[in-house]
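The values are calculated or read from the model by the stated rules, or taken from the named source; none is laboratory data. Predicted model only: the values in this text are computed from it and were never measured. Cβ: placed from backbone, ideal geometry, glycine included. Neighbour counts: every protein chain shown. Only protein heavy atoms, including side chains, enter the accessible area calculation; ligands, DNA and RNA are left aside. Shrake-Rupley method; radii C 1.70, N 1.55, O 1.52, S 1.80 Å.
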Amino acid sequence: MRLRELRKIADQHGLALIEDCAHALGATYEGRSVGLIGDYGIFSFQAIKHMTTVDGGLLTISDPSQLDAAKRFRWFGMRKGVPRTEVDISSIGYKYNMNNVTATIGLAQLSHINSLVQRHIDNGRFFDAVFSKTIGVDFARCDTSGASSYWLYTLLSNHSRELEQLLIGNGVSASKLHRPNNLHSIFESASIDLPGLNAFYGRLLHIPCGWWVDEAQRQQIAELIQRG
Ligand SMILES: *Cc1c(COP(=O)(O)O)cnc(C)c1O
């Protein structure tokens with residue numbers, strides 16, 4: 001995430017910089033939370049993220065004068081609290097609002113979200129330390145200015161398939177997770193060779209490092225990979 005460089009390019013060309021922080025809650029860049037470097041940051045609170053409101057998310061905006069427009073965009077172009085018969089819709093809006101039930105689920109997590117994110121970070125750093133000394137295994141590294149919040153742990157190995165089988169056989173939910181967009185048939189007509197992405201995809205394997213992985217489990221995962 002070379003955000004500093006992206007910020008510079010955006011400033012040079014008068015472009016808005018949007019940070020996809022979907023699974024980066026708790027990550028920092030140059031000591032500040034991600035989402036604060038761009039003009040906008042978007043975090044996901046979907047069911048499987050660090051913090052969840054079952055679905056929904058959070059938008060950060062650097063220019064406070066845009067808040068009102070963002071609120072109207074979120075809800076049919078209307079301001080909440082203004083009677084419907086008096087409201088004047090002057091811009092496009094959608095139904096992107098969060099409801100009170102999901103908001104309550106999110107609010108209840110605020111008291112302990114830091115410790116949950118910290119468990120991800122502790123597990124991630126544990127794996128970094130182990131795999132930096134394991135021959136044949138590497139991991140996705142971030143820019144030295146950034147600190148990951150390790151939503152999932154991304155291993156890189158020439159034997160990712162065999163490792164995946166070994167881990168699954170031992171009850172660890174390892175997977176490649178997604179298929180790259182360039183491999184889907186809907187994009188077939190625009191398909192081009194992406195050698196760097198194909199090589200990266202071939203080597204990657206995601207392993208769990210979330211708050212539910214305890215010290216014994218992370219040790220077991222590390223030993224399985226070292227053995228494999
Ligand atoms: C989860 C995720 C999304 C999707 O988030 P939604 O809240 O479901 O829209 C988008 N981008 C990345 C990188 C994600 O991890």
Practice item. Collect the residues in segment 144-157 that are buried (at least 17 other Cβ atoms within 10 Å of the Cβ) and either hydroxyl-bearing (S, T, Y) or over 18 Å from H23 (Cβ atoms) (or both), keeping them in residue-number order. Key: S148, S149, Y150, Y153, T154, L156, S157
Study note, to complete from the structure: Counting only helices (runs of 4 or more DSSP H) entirely within segment 1-118, those with at least 1 residues that are out of contact with any helix residue (DSSP H, G or I) (no Cβ under 8 Å at 6 or more places or on another chain), within 28 Å of W211 (Cβ to Cβ) and of a type in the set (V, I, T) are 100-109
Point to revise | Residues being touching a Gly at 6+ places or on another chain (Cβ under 9 Å) and within 14 Å of Y150 (Cα to Cα) - total across segment 6-24 | key: 3
Review point. Taking the stated definitions as given, is T102 touching a residue at least 24 places away in the same chain (Cβ under 8 Å) and either at negative phi or away from the ligand (no atom under 16 Å from the Cβ) (or both)?
Key: yes
Exercise for review: Inspect segment 100-123 for any residue being acidic (D, E) and under 30 Å from A10 (Cα atoms) and give the result as yes or no.
Suggested key: no
Point to revise | Scan of segment 51-82 for residues that are open to solvent by less than 60 Å² (accessible area, probe 1.4 Å) and away from the ligand (no atom under 16 Å from the Cβ), ordered by number | key: I61, D68, A69, A70, R72, W75, G77, M78, V82
Review point. For segment 130-142, does any single residue satisfy the condition of being touching a Lys or Arg at 6+ places or on another chain (Cβ under 7 Å), among the charged types (D, E, K, R), closer than 28 Å to S44 by Cβ and at pLDDT below 95?
Key: no
Check your understanding: Restricting the search to segment 120-143, which residues are under 16 Å from the mean Cα position of the chain (by Cα) and open to solvent by 20 Å² or more (accessible area, probe 1.4 Å)?
Key -> A140, R141, C142, D143
Exercise for review: Pairs only if they're at least six apart or on different chains, beta carbon under 8 angstrom, first in segment 30-55 and within 29 Å of E5 (Cβ to Cβ), second among the basic types (K, R) and away from the ligand (no atom under 14 Å from the Cβ); list them, first residue then second.
Suggested key: E30/R4; I37/R4; I37/R7; G38/R7
Point to revise | For I48: the one exception among (1) modelled with pLDDT of 95 or more; (2) surrounded by fewer than 18 Cβ atoms within 10 Å (Cβ to Cβ) | key: (1)
Check your understanding: Are any residues in segment 13-45 open to solvent by 40 Å² or more (accessible area, probe 1.4 Å), of a type in the set (V, I, T) and away from the ligand (no atom under 16 Å from the Cβ), and if so, which ones?
Key -> T28
Check your understanding: Is there any pair linking a residue in segment 1-19 that is closer than 18 Å to D63 by Cα and modelled with pLDDT under 95 to one that is open to solvent by 90 Å² or more (accessible area, probe 1.4 Å) and in a helix (DSSP H, G or I), with Cβ under 7 Å and at least six apart or on different chains, and which?
Key -> none
